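The values are calculated or read from the model by the stated rules, or taken from the named source; none is laboratory data. Predicted model, so just to flag it, every value in this text is computed and none were measured. As a convention, Cβ positions derive from the backbone with ideal geometry for all residues, glycine included, and neighbour counts pool all protein chains shown.
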Amino acid sequence: MSQTILIIAEHRNGEVRQVTFEAITAAQIVDASSINVVAIGHKLETVVETLSNYELDTIFTIDDQSLSHYIPEAYAHALGEVLEECQPTGIICGHTAIGRDLAPMLAATLDAGLISDATSIECVEEHIVITRPIYAGKAFEKKIFHQSPWVLTIRPNNVSASTLKGNVAQVKNISFKKPPSLQSTIIDIVQKTTGKIDLAEAKIVIAGGRGVKSAEGFKPLEQLADVLNGAVGASRGACDANYCDYSLQIGQTGKVVTPDLYIACGISGAIQHVAGMSQSRIIVAINKDPDAPIFSIADYGIVGDLFEIVPLLTEEFRKVMK
Ligand code: FAD
């Protein structure tokens, strides 16, 4: 099966996001004969420098000040010329806010099939078999593409990131021809998250629920996250109660996370929350109610008061992380 893959690179402040390297692995899994990446934005020098270390065929860049921030129509329009030139048989994006938005537009443009939120990819005979969660993570389905081109979004943290460094790829700069009119423009971006680590890509997540009882109650969780180099997340219960910002919400209507370690503190384990974290590799639940549903999906359960247990964990981890 000869595949020409185009990966939509994601980057922030000049740094290529982890999911882009995971997409390179996905392209390797489908045995692509040509792997290409497109980076869109402004001042892409460091992005190109990083990508140049990987075994890619072409790095397409579309660099224009008006593309500094993600604008759906402008990005979809900008990609038109790259699609023409690259003629991909498959496109891979991260299942991120941007990828989830762009993928259906690209699929519609190419009249292509779209499979979203892949948690695993394998080649079985001549088919690319995609596994994805359904029913809020209660079950998984396997899907295949019957024809090319196809568009795929991959859930961050599920496929290992490519480390396959190789030849410096050729870089092609595509000039951005502005669309005649845009329905929307970005005037300002208000950064809500203060966390240093992106919640969706964090390897360790410390999440708080209504059991933290106040905004102040998140402090011990933040300290534990700092020691473990992790990110803080929350249940909707905690967000609704105004203990934290909605940008931290994990679940069906929040972010989907797949860290190596998820520590749920004072979270009951409602199905809508579980939908966003059940694929975490190791789940630790701290809850004072021994019958809390979260314990049924936890690998390790601690029955007790989070305000006693979390500081103890922080203290112990601080000793070993030194
Ligand atoms: P609670 O259910 O109130 O649980 C608090 C837990 O804290 C309890 O188990 C209690 O025993 C424990 N506790 C209390 N004090 C302590 C203590 N000192 N130490 C240890 N444990 C303690 N929810 C999400 O999280 N994400 C979503 O995306 C989401 N989407 C939704 C979409 C829809 C359409 C609907 C209807 C609901 C959605 N919800 C979502 C809400 C969900 O149903 C639950 O209401 C919510 O997850 C509950 O949050 P919680 O576990 O923090 O609170």
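Tell me which residues, restricted to region 107-144, are within 19 Å of the chain's Cα centre (by Cα) and free of Cβ contacts under 8 Å to residues at least 40 places away in the same chain. If the condition is that a residue be within 19 Å of the chain's Cα centre (by Cα) and free of Cβ contacts under 8 Å to residues at least 40 places away in the same chain, then Leu114, Ile115, Ser116, Ser120, Ile130, Thr131, Arg132, Ile134, Phe140 are the ones that fit. Scan region 241-258 and give yes if some residue there is within 11 Å of the ligand (Cβ to nearest atom) and within 18 Å of Leu312 (Cβ to Cβ), otherwise no. Within region 241-258 (the criterion being within 11 Å of the ligand (Cβ to nearest atom) and within 18 Å of Leu312 (Cβ to Cβ)), the answer is no, since none of the residues qualifies. Applying the set (1) assigned to a loop (DSSP other than H, G, I, E, B); (2) modelled with pLDDT of 95 or more; (3) of a type outside the set (Asp, Glu) to Ser278 leaves exactly one unmet item: (2). Residues in region 159-175 that are polar (S, T, N, Q) and modelled with pLDDT under 90 were compared, and the one that is surrounded by the most Cβ atoms within 10 Å (Cβ to Cβ) is Ser162. When Lys196, Lys213, Lys192 are screened for being of a type outside the set (A, V, I, L, M, F, W, C), farther than 17 Å from Met321 by Cα and modelled with pLDDT of 95 or more, only Lys213 passes. The condition of being buried (at least 19 other Cβ atoms within 10 Å of the Cβ) and either in contact with a strand residue (DSSP E or B) (Cβ under 6 Å, 6 or more places away or on another chain) or closer than 19 Å to Asn36 by Cβ (or both) holds for Leu199.
With respect to Ile59, determine if the residue is over 26 Å from Gln147 (Cβ atoms) and of a type outside the set (Asp, Glu). Yes; evaluated as a whole, the condition is true for this residue. In region 89-100, of all residues being assigned to a helix (DSSP H, G or I) and either over 18 Å from Pro149 (Cα atoms) or among the hydroxyl-bearing types (Ser, Thr, Tyr) (or both), the one that is modelled with the lowest pLDDT corresponds to Ala97.
Are any of the residues in region 72-88 part of a loop (DSSP other than H, G, I, E, B) and at positive phi? Yes: region 72-88 contains one or more residues that are part of a loop (DSSP other than H, G, I, E, B) and at positive phi.
With a requirement of 3 or more residues that are within 16 Å of the ligand (Cβ to nearest atom) and not hydrophobic (A, V, I, L, M, F, W, C), none of the strands (runs of 3 or more DSSP E) lying completely within region 138-220 satisfies it.
Of the residues making up region 1-28, those that are of a type in the set (Val, Ile, Thr) and either closer than 20 Å to Thr258 by Cα or under 15 Å from the mean Cα position of the chain (by Cα) (or both) are Ile7, Ile8, Val16, Val19, Thr20, Ile24, Thr25.
Kindly indicate whether Asp31 is over 14 Å from Gly166 (Cβ atoms), among the charged types (D, E, K, R) and over 17 Å from the mean Cα position of the chain (by Cα). Taking the combined requirement at face value, the residue satisfies it. Residues in region 304-316 that are more than 7 Å from the ligand (Cβ to nearest atom), touching a helix residue (DSSP H, G or I) at 6+ places or on another chain (Cβ under 8 Å) and not polar (S, T, N, Q): Val310, Pro311, Leu313.
The sole residue among Gly230, Gly269 that is away from the ligand (no atom under 12 Å from the Cβ) and buried (at least 21 other Cβ atoms within 10 Å of the Cβ) is Gly230. When Val284 is tested against (1) more than 12 Å from the ligand (Cβ to nearest atom); (2) closer than 18 Å to Pro156 by Cα; (3) of a type outside the set (Phe, Trp, Tyr), only condition (2) is not met.
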